[in-house]
Structure formats: structure tokens, C-alpha cells
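J.: Dumping the structure here so I can ask a few things about it.
The values are calculated or read from the model by the stated rules, or taken from the named source; none is laboratory data. Note that the structure is a prediction, hence the values are computed from the model and not measured. Please note: Cβ atoms are built from the backbone with ideal geometry, for glycine as well, and neighbour counts cover all protein chains shown.
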Amino acid sequence: MQIHPFFSIMTAYSRFLAKRHFSLRQKDAGTAWLLLIPSLVVILGVTLWPVISTFILSFFNAQTGINQVRTFVGFGNYIEMFGDQNFWETIGRTLYFTFASVSLELILGLAIAQLIHSHPWGWKFLRFSLIIPWAVPTIVNGAMWRWIYSADFGALNGLLMQLGLIKHYIPWLTLPNLAMPLVIVADVWHMMPFVALILQAALAGLPVELDEAAAVDGANAWQRFWQIRLPLLRPAILVALIARTVDAFRVFDIVYIITNGGPASKTMTITYLTYLNTFSYGKQGMGAALSFLISFFVLIMAFVYIRILYRPEEN
Amino acid sequence: MRTFYRITTLLIALMLVVGIAGCAPAQPAGPVTIHILTQDQAGMKPAEIDQIARDFEAMNPDIKVVMEYVGYDAIHDKIVTGMAAKPPAYDASMIDVIWPDEFIKAGYLLDVTSRITPEMKAGIFPSAWNGVTRNGKVYGMPWLMDTKYFMYNKDILQQAGFTEPPKTWEELVDQAKVIKQKGLAEFPIIWSWPQLEGAVCDFTILLFGNGGAFLDANGKPSFNNEKGVQVLTWMKQTIDEGVSNPASITSDENAVEANFLAGKSAFAVNWLFQYSDSNKTDVSQIVGKAAFAPMPVFAAGAAAGIKSSSVDGSSSFGVMATAPYPDQTWKFLVYLTSNEVQTKFSAEMLPIWQADFQGDALTQLLAATPANPVTVPAFLGQFPYANERPTVSYYNEASKALQLALQEALTGVKTPQEALDATATKWLELAK
């Protein structure tokens, strides 16, 4: 019977360990590395290698297609991008989406977390129901809000008509200055529960004694929130902010479903632009360069958050 | 302890072997499976194509057909991403009339010239072959010959006091104002003007109906000349006057259909499938009220002798160049596009076969579905006026630029002239 090479290798390794006089620590380390190999292979294969190959691709003029010749253009893609007004407008629009949606999610999430933390009647149901918008897939959420905003059949128009606030149905998503805020509302509805649940879990873990001591010292509820709980929540807020900012800056699916980037590209975000360049226009080199810039912007934002909010001494 | 290490290492080795064995290419056992991508919009309905696939499988037990349906606007990018895999995600896909140049340049489409029989060549409409033929080579099997149609709601027109549908766009505006005034429809016409391909199709209809064209004799953009600007100015004006539904700016063809079938519009411009749907009681509130009329033109176009103007929205099925089972895939496509199948399922799309529109075959075709006595004459009357969008390899990016221009003008972000000029400049850059 022929033994598979992998069995041979592993058996050899086992004999190697047995014959040599390694310390227990060394043997543990060796086994640990061995156990890590599959994970490392996966990480290198599906994360690091694509990142490296995308970075290399960003220096080429590469069209989609079979056996297409790639032309090295150095920083050509980056230079073209920086010189394109559309790129900067898209970055501005994406920052607007990110700042507005993350801010709203943080404020509303904190308010709801605080509400649950105060254990009002039905708080368990409230906490459970929070999961529902978050559990809805983004595509479904987008389709739902697209219908809500529909000019002909939308629930928003129906509601406003019944309240007597409008006389005619309004084509909301055709209004250039309103389309992005409407997409933001849809995103906030979807992702705010994520922030609320993180903050609620953090609030539940805070020492009660501090709050009680402050109350005994005469601090009112407002003061206790601002002076005691909020500073202690900083690590949880940092986690929520980084996770949401990274996600919001890369927003794609909800825009794709609700507006297709319209009207007049007023909801076109940087990831959507990357998608168009890569798949619709077949400009893979440009798409790779855009992808790298997205990563760069995300890293900067994460760095800023960490500098502002991370206090190792508090851990 | 030694035993523990041995067991651990052996277990890891086993995991690796099993994992690597799983990556080995599997040999097909039993029927060959082919994956076909197409749209859930114009043309046959998914349930009909599924039925055709099952019939084919019954006749060919060695081939299993897996159909995948997506919205039209997602197909192009699905093809591109699907072709990145080896073997490709799809063995064949619907190819819109505007994509062959790009996909041939990318090497995605199999040259099927040698598979075309003389009967196919002679039997299918020449214009359908034009859509898949480049430099004498054929890159697909014609599948759908479609064009946009002008449809109106007979009841609304009658109540407004009109006995005839409009022949020119100016006449349409006059009729629309009366319809609006009488409260029969808040916005009398609905279009497909979103930041998607549908907007370019509608612009094509209007541009050629005004005597314009996308490119001049030298191949340079000409849609930003006086005729093009007039068209875009008219489009914006109809929205401002409440003649065109402002929701057109976000409506794809499915949304246009939903609006028209709800009885909210007197007029709609859409593909053929809308007519058949208009007579289905489960989706339509205007059963028996929809009718076709020749697509109007502008008065200036009519004066220049243009009788009607629409857009070619035909499509084919292309076999992917790297597909592992081209023979089986082609066999299915031949069946799918056969005369017999196309006649049987002709409610939403009419056959590509010329003979079906003559003699006894025509009688048979007219009787094939309840819609055909209306759609067949409409097709024969409208398709000859279907205008082509530019056939260039960079069409998708050029079209996106034009879609943006149309939206900028329609939402008042730019003037029609500014928006079209910027797009013309972009087209020149792309052509370099």
C-alpha cells in the first residue's frame, strides 16, 4: 500500500519530536505552529494574497477578459483618479453618508441602550425586537425601503397623505438633495440596533457602585450619565464606531438597491464607483486602485478614532 | 505524551489530506449539468423557460439544465464576474444587443459560426443575425427580437374625448394636458428614465424621432447637437409640466409596467411583455384596456419623413468561450430558440423565425396565445423602426455617462446642453 506523502511528513515530524530532547515548552510551541498551519494557509490564501495581488494590479492598465495583456502604468491609475473631479465628489458624498449615518446610529443607539438599561416595562421585548432590523439582510432592507419611498405606491407617501401633510404623492428618490438622506435613514434603521446592542451590553457590565455612589453624592440622572457612564462606555463606543465607520464608508448594497447611485449620481458612493469601474467598465486596474484608496481612508479613520478614544489606562 | 503528539500529528495530516482531496477536480458522474443565465424581465417568463428546460431534459437525459434569472440591469456584471471563474459560472448567457463588441474583445464568447446551419441562417430574421455577427463570425444564437412600444389606455383616451392616439410627441402633450385637466391621470405618461440603460433606450427613441443620431458620419458624438438638446429639453419640460410622471426618473421597466397596469397612466413606453401582463387579472387593473399605437415622433421628425422611431432591444444567447460543455450547451440553445418552442411560448416574445409571420404558420402563430392577434401586427409595424445604439466595445461606460447626463438635466443639476456636451467629451475620450 502506498502511503500518502502528507502522512509520511507528519509521521516523520512525530518521530523527530520523539527522538530529539526538546523541552516541553519547545514541543508545545512546535505543535502550536503545526496546528496553526491550516489557519495560516487559509488566511494567507484568501486574505493576504488577494490584497497583495490587488495592490500589484493597481499599477496596471488591466481590462477584464481572457488572456488580456496588462500594461504597466505605474501610478497612472492613481494620478488619473486624483485628477478626476467625479472621484472627489464621490469621496465627499461617501464621507457625508458615513458621518451622518454613524452619528445618528451612535446617538439613537446610545439612547435606546440607556432606555433598555433602565429596565422599563417590556424592556426584554424591546431588546429582542431590536435584533429584527439588524437581522434583515441588507438587500431585503434596501428593497423594503425602496418600496416605502416609491412615488406611486410608497408607504411614506400614503402616511403623509393620510396625515394631511402632503396633497400629492412625492417622488422622493428623484430629488437630488433628498435621495442621500433617505438612503441614510434606511441604513440607520438597519444598523442602529447593532450599536444599541453593543452599548447596552457594555452598560450592563458597568459597576453599579459608581452610579449609586454618585447618586448618594447628589448627582442627578443626567450628570450620572455624562460624568460616570459615558466615560466608562468609551471602549465600547470605540468598537462600535470603528466597526460602523468601516462598514458605512464601504456602503454599496443598500445604495445599489434603493437608488442605483442616482438621481444624477447624488447617491454614488466610492464602493459603487469601484464596482462600476471594475465590473461594468472592465477597468480592473482602476478598480484595484480605488479599492486601495478605500482601505487607506478606512485606516485613517480607524487611526483617528483610536487616537481620540483609546485610553489603555482605563482597561 | 509521545502518543498524544503522534495522534495529534496524524489527525492534522488526515485533515490536510481530506481537504486537499476535496479540491481535486471532480469527474462528471451521470448527466452533464449546464448553467444558463438570463433575465427576468423582457421575453419569456422564468416559469416558461423552466418548462422548456424540463422538456429538454426529458428528451436529453444526459443533460441537466440549471437556469438562473436576474433583473436585466444585473446580467452584464454577472457575466463579467462569472467569467473570472474556471470553469465559468455560466455555460451560456443572454447577451443584449449592446454587449457583443465588449464581450468579443474580452474573449468571452465562443465563435459558433460552424454550428449555424443553412436552415438557421435563412430562417431567422437578418436583423437578428446582425446583433451577433462581427467580421463574418457568429458569436451567439438569436433569441429575442424586441423593441419598445407605445401603449395607451383606451378607456382614459375615450373619457378624455380622443378617438385616436397621438402621432407626434407634441400631440401627446396636448392630449396629456386634457387628460390631466379632466383628472383622469395625474401624470399621463410614464417612462423609464432612471440612471440605468432604460433611460438610454427611451432617449434613443426620442432622439431618432427628432431626426437626431448618436454619432455623425465621422463617428463623432452628435447627440449634443441642436436635435439632441431639443429632445432633452422636451423631456425636462414634460416633467416640469406634470405631463411625464416625475417618478420616471427612478422607474425601470418593471416600475413603468406596475404604474401603467395600475391604471395610473394614459400612456407608457415599454417592451412587449407589458401588453401580455396588462391582460392578467392577478397583476393588472386595466384588463382589456391596453392598446398599441406606432411610436410617435416629433413634428420636426415627421416633417422630415420619419414615420416612427423606437429602439432595438434584441438579445441572443452566447456560449461562454471557456465553458466545459459547449456541445451540450449549444444543443439546449438550439432547442430553446427553435421555431416550435418560440411559437408555443410567444405571449411575451415573438419568434425570431421569418416563416412564422407568413402563410399557415402566421395563422398558427396568431392562435398560439390570446395576446398574439394584437402583438404580432404591433411587432410587424414597429420593429422596422427600431434604431440601434452605438456598437462599440466601450458602450457600457459611454452609456453610463449618457445616463448621468440625462439625470443631471432631468433633475435640474445641469442644463441639457451642459449635460450632453460633457457626455460627448467623455465619449471622445473613451474612443481614443
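J.: Touching a residue at least 12 places away in the same chain (Cβ under 8 Å) and closer than 30 Å to B:LEU430 by Cα - does that describe any residue in region A:232-248?
T.: Scanning region A:232-248, I find no residue that is touching a residue at least 12 places away in the same chain (Cβ under 8 Å) and closer than 30 Å to B:LEU430 by Cα, so the answer is no.
So that you can scan it fast, the table gives a plain yes or no per residue for (1) away from chain B (no Cβ under 13 Å); (2) not in a helix (DSSP H, G or I):
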| site | (1), (2) |
| --- | --- |
| A:GLY45 | no, no |
| A:TRP49 | yes, no |
| A:GLY74 | yes, yes |
| A:MET81 | yes, no |
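J.: Can you name every residue in region B:85-100 that is touching a residue at least 12 places away in the same chain (Cβ under 8 Å) and assigned to a loop (DSSP other than H, G, I, E, B)?
T.: Within region B:85-100, B:LYS86, B:PRO87, B:PRO88, B:ALA89, B:TYR90, B:ASP91, B:VAL97, B:ILE98, B:TRP99 meet the criteria.
J.: Taking region B:189-236 as the region of interest, how many residues are over 14 Å from B:THR423 (Cα atoms), within 14 Å of another protein chain (Cβ to nearest Cβ) and not polar (S, T, N, Q)?
T.: The qualifying residues number 11.
J.: Only one residue in B:VAL376, B:VAL319, B:VAL341 is over 27 Å from B:PRO221 (Cα atoms), assigned to a helix (DSSP H, G or I), in contact with a Ser or Thr (Cβ under 9 Å, 6 or more places away or on another chain) and at pLDDT 90 or above. Which one?
T.: Answer to the check: B:VAL376.
J.: Here's something else I'd like to know. For B:ALA347, indicate whether it is modelled with pLDDT under 90 and under 18 Å from B:LYS45 (Cα atoms).
T.: yes
J.: For region B:360-373, what are the residues that are over 11 Å from B:LEU350 (Cβ atoms) and outside any helix (DSSP H, G or I)?
T.: Across region B:360-373, the qualifying residue is only B:PRO370.
J.: Would you mind telling me which numbered condition in (1) under 22 Å from B:VAL392 (Cβ atoms); (2) of a type in the set (Gly, Ala, Ser); (3) more than 14 Å from chain A (Cβ to nearest Cβ) B:ALA92 fails?
T.: So B:ALA92 meets the others, but not (1).
J.: Here are B:ASP91, B:ASP62, B:ASP73, B:ASP40: which of them is surrounded by 15 or more Cβ atoms within 10 Å (Cβ to Cβ), in contact with a helix residue (DSSP H, G or I) (Cβ under 9 Å, 6 or more places away or on another chain) and modelled with pLDDT of 90 or more?
T.: Going through B:ASP91, B:ASP62, B:ASP73, B:ASP40 in turn, just one is surrounded by 15 or more Cβ atoms within 10 Å (Cβ to Cβ), in contact with a helix residue (DSSP H, G or I) (Cβ under 9 Å, 6 or more places away or on another chain) and modelled with pLDDT of 90 or more: B:ASP91.
J.: Which of the following residues is buried (at least 16 other Cβ atoms within 10 Å of the Cβ), at pLDDT 95 or above and of a type outside the set (Asp, Glu): B:LEU16, B:LEU110?
T.: Just a single option satisfies the conditions, and that option is B:LEU110.
J.: For A:ILE198, indicate whether it is out of contact with any Gly (no Cβ under 8 Å at 6 or more places or on another chain), in a helix (DSSP H, G or I) and among the β-branched types (Val, Ile, Thr).
T.: Spelling it out, it is not the case that A:ILE198 is out of contact with any Gly (no Cβ under 8 Å at 6 or more places or on another chain), in a helix (DSSP H, G or I) and among the β-branched types (Val, Ile, Thr).
J.: Can you tell me which residue among B:LYS180, B:LYS154 is surrounded by fewer than 24 Cβ atoms within 10 Å (Cβ to Cβ), within 14 Å of chain A (Cβ to nearest Cβ) and more than 25 Å from B:GLY313 (Cα to Cα)?
T.: Checking each option against the conditions leaves just B:LYS180.
So that you can scan it fast, the table gives a plain yes or no per residue for (1) within 30 Å of A:LEU233 (Cα to Cα); (2) away from every other protein chain (no Cβ under 14 Å):
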residue: A:TYR272; (1), (2): no, no
residue: A:TYR275; (1), (2): no, no
residue: A:PHE279; (1), (2): no, no
residue: A:GLN284; (1), (2): no, no
residue: A:ALA288; (1), (2): no, no
residue: A:PHE292; (1), (2): no, yes
residue: A:VAL298; (1), (2): yes, yes
residue: A:ALA302; (1), (2): yes, yes
residue: A:ILE308; (1), (2): yes, yes
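J.: Take region A:39-49 and flag every residue that is loosely packed, with under 11 Cβ neighbours inside 10 Å and either more than 22 Å from A:GLY285 (Cα to Cα) or of a type outside the set (A, V, I, L, M) (or both).
T.: The answer is A:SER39, A:GLY45, A:THR47.
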